Structure formats: C-alpha cells, structure tokens
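Asker: Sharing a structure with you now.
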Amino acid sequence: RGLSVGVSLDSPDSILERIHIGDTSNGIQGGERSFMVYQSNLFDEVSSPIRREVANRSFSGKVLNRIDNDVENGKLEIKEKSICNNMLITVHNKALLSGIAYCISSCSMILVNKYVLSSYNFKAGISLMLYQNFVAVVVVSILSFFGVVSTEPLTLRLIKVWLPVNVIFVGMLITSMLSLKYLNVAMVTVLKNVTNVITAVGEMYIFNRHHVTRVWTALLLMIVSAVSGGITDLSFNATGYTWQIINCFLTASYSLTLRRIMDTAKQVTKSGNLDEFSMVLLNNTLSLPLGILLVLLFNEVDYLSRTPLLQLPAFWMVTTLSGFLGLAISFTSMWFLHKTSATTYSLVGSLNKIPLSVAGILLFKVPTSLENIASIFFGLLAGVFFARTKMQEKSQS
C-alpha cells in the first residue's frame, strides 16, 4: 500500500559494517575499561612531561607485544573468524525474519478483507477502504510525532503533483475490494497475473523497453491460466471478473506512473527526498477526502446507517486489524527490500500466492473442480516462472 517502485536498497557493506561494530563493541568494552584505569593510575604517578612520554612509550610497547603474541598464537585469527560467522548468521536471520513477516502480513490482509466482505456480508467496500486508510494515517502520524519515523510535510505543491497518482491508488484499492467480494481468493491471485502482462506492454510502448522471449512466454502462460481458470470456475461471477480486470489496469497504471511522479514530487519537497513513510502518509491522507466523496456518491451512508454490523465490537476489531495489516504490508515490504533485494522480493511475492490460494480455498470452502485447481496452480507456477525470468533478464542487462 503506497510502496514505491525501485526502492533504494541498503548496501550490504554498510549492513555488515554496522553489525561488525555492534558485535565487537561488547567484546572490547572490558579491555577499554581496564586500559583507561591502568593509564589513569600510571599518569598519576608520573608528573614531568619527560616521564609521561616514557610511560606512554612503555605502555604502547606492552600493548603491541600483547597483540604480537595473539597473532603468533593464532588467537586473533580465531576471533576474526568467529566475528565473521556471527555477522553472516545475523544477516541471514534478519533477511529470513523480514521475509516471513512480509508473507504473513500480505496473506493475512487479503484473507481478513475476504472475511469481512464475505463472512460478515459487508456491502460497503469503499467505507472499509476509507477506514483502513484512516487507521494508517493515524498510526504513521503518531510515529512521526514521537520521532520514530520522519515524514515530509504535506505542502500544496506536493499535493498538486501527487493527486493524479493518488486517484489511481484509490481506484486500485476500491476495485480490489469489490472483486474480492465476488471472487474467491485463489482466482483473484491468478487474475492478478494479468497486471504483469499490461505492465510489460505499457513498458514497451511508454518507455521503449523490450523484453526477452522467455518473458513473453511467461506472460502468455499467465493469460492461458487466467482464461482456463475463468472457464472452469464453478463460482463464476461476471461482476467480480469485471472489477478484477479493471483492478489489473489500475494497478499497472499505478506502477507505470509512480516512478515519474516520484521524480517530480522530490523536486517540490523541502528536503529534496521522498521516502516510503512519506509516501504512505501522503497516499492515505489524500485518499480520505476522495473516499468520503465516493461513499456519498455510491450512497453507502444509507447502508451504514441501517446495518447492525457497526454495533458489533467483533466487527470493529476485525476491520481495525485489517487497517493495521494494510500498514504492516508497507513496513514489512520496505524491511524485506532493505534486507534482501528487489529480485528476491518479487520472487517471494510470486511464491507467496501459492499458500494464499490454498488457504483461501480451504478456509472459505470454495466449490471447485480438479480442472479449476489445475488451472490455478498452473497460473501460480507461471507467475514464479515470470519472476525468475525477470531476474535473469535484469542480471543479463
């Protein structure tokens, strides 16, 4: 939700350097403390500058002799190896932890939205989107107020530049809600692959970017899986498919226009930069007045005034949880990107659809057939093949 395309990644060298400093600081802390005590006692006993110089030299000689002895005995080499091993274990653990957090938050967000819209039969998808964005704005504002994160101030010039892409962002969220209301989770994940096809065609015509044959083969497999999945879908709903196709076009438009809008927006900010936290706050804040307008246009106020769901504390707990999960996707996505790379992120995102589809079928007891399940997994594997192909294309270029 509001994550930028081409997010800047931390250098692995800088990560290792920070971990190295953190690991070695505790180890030498005791040595530094004994060194300071010994040096202060020695200087108290030496009064003249000549004696002080002699003392400094003798002390330095003792330290150098101790280091030489450690080198000769092999102790220093063992310490360096243990520090390097600890550094690698720490990096791998953080990357694994960030990947697990991203997968859990993204899967949970879709499943919770499906639960609210289907199990509770909640018919105000725009209002749900509006409340989720409101929760995100409140949480980021609180974090910014206490100095946990830094965000750019929302100036009028920045709002004017960002407003077009925010309209696409709101449309993307709303159509996702509406399609999820009528379609099962597995078919939504498969149909989302159409976004990759539209994005690839848009890159070719807008940015004059050409793709290798393997990429177009993967995209063709995605189209075949989407068509075969729709034909074999026992719970086929034309309204849901229409909203999902519109969502694919809006999602592709968002990714194609975001990069250009980001470059323009950076020029009108006070710091000359626009980080991910600022974009999350900017996107969700600007979506509030637009969401209120759409709630009024689609007459969801009348439904909200009559539904008994708003009187259930459990319903408010679930919807608030969905708001926190939407924000968690932004944070865990940035965390995962910083700890790994964009190619690993895209590959994990494709693999993440497989357990999500299985969970959606099992949790919501979707009526399906062997042909439909085969087409769903065929489409998911096509998505994994597409991600691997894009990784190879990027490494070759």
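Asker: Could you tell me whether the range 210-254 comes out rounded, prolate or oblate from its Cα gyration tensor? Rule is a ≥ b ≥ c as square roots of the eigenvalues, rounded for a/c under 1.5, then prolate if a/b exceeds b/c, otherwise oblate.
Answerer: Values: a/c = 5.52, a/b = 1.41, b/c = 3.92.
The shape class here is oblate.
Asker: With viscosity set to 0.890 mPa s and temperature to 25 °C, compute the Stokes-Einstein D of the range 90-224, Rh being the Kirkwood radius across alpha carbon pairs; µm²/s, no decimals. Mind dumping the intermediate values first?
Answerer: Details: Rh = 18.5 Å.
Value of D from the Cα-based Kirkwood radius: 133 µm²/s.
Asker: Could you tell me whether the range 125-394 comes out rounded, prolate or oblate from its Cα gyration tensor? Rule is a ≥ b ≥ c as square roots of the eigenvalues, rounded for a/c under 1.5, then prolate if a/b exceeds b/c, otherwise oblate. Mind showing how you got there, number by number?
Answerer: Numbers: a/c = 1.76, a/b = 1.16, b/c = 1.52.
Oblate, since a/c reaches 1.5 and b/c is not below a/b.
Asker: What do you get for chymotrypsin sites (Phe, Trp or Tyr not before Pro) in the range 166-217 restricted to DSSP loop and a cutoff of at most 13 other Cβ within 10 Å of the site's Cβ? Present the calculation step by step, with values, prior to reporting the outcome.
Answerer: Working: sites: Phe169, Tyr182, Tyr205, Phe207, Trp216; in loops: Phe207.
Counting only loop positions with at most 13 other Cβ atoms within 10 Å, the chymotrypsin sites (Phe, Trp or Tyr not before Pro) in the range 166-217 are Phe207.
Asker: I've got another one for you. Take the alpha-carbon centre of the range 195-267, take the same for the range 124-181, and report the distance between them in whole Å.
Answerer: One Cα centre to the other: 23 Å.
Asker: Let me ask something else. Rounded, prolate or oblate, given the Cα gyration tensor of the range 110-183, with a/c below 1.5 counting as rounded?
Answerer: Details: a/c = 3.47, a/b = 1.67, b/c = 2.08.
Verdict is oblate for the range 110-183.
Asker: Ok, one more. If you count only protein heavy atoms with a 1.4 Å probe, what accessible area per residue comes out for the range 182-270, rounded to a whole Å²? Each step should come with its number before you reach the end.
Answerer: On the way: 4270 Å² over 89 residues.
Per residue, the range 182-270 has an accessible area of 48 Å².
Asker: If I compute solvent accessible area with a 1.4 Å probe over the protein chains, what percent of it on the range 125-394 is carbon and sulfur?
Answerer: Working: 9030 of 12660 Å².
On the range 125-394, the fraction of accessible area on carbon and sulfur atoms equals 71 percent.
Asker: Something else now. Given the pairs Lys123/Lys390; Lys123/Lys365; Lys94/Lys192; Lys160/Lys390; Lys94/Lys365, which are separated by over 32 angstrom at their Cα positions? Numbers along the way, then the final one.
Answerer: Numbers: Lys123/Lys390 39 Å; Lys123/Lys365 21 Å; Lys94/Lys192 29 Å; Lys160/Lys390 34 Å; Lys94/Lys365 36 Å.
Listed pairs above 32 Å: Lys123/Lys390; Lys160/Lys390; Lys94/Lys365.
The values are calculated or read from the model by the stated rules, or taken from the named source; none is laboratory data. Just so it is clear, the model here is predicted, and its values are computed rather than measured. In this analysis, Cβ positions are derived from the backbone assuming ideal geometry, glycine residues included, and neighbour counts consider all displayed protein chains. Just so you know, the surface numbers come from the protein's heavy atoms only, side chains and all, with ligands and any DNA or RNA stripped out. Shrake-Rupley method; radii C 1.70, N 1.55, O 1.52, S 1.80 Å.
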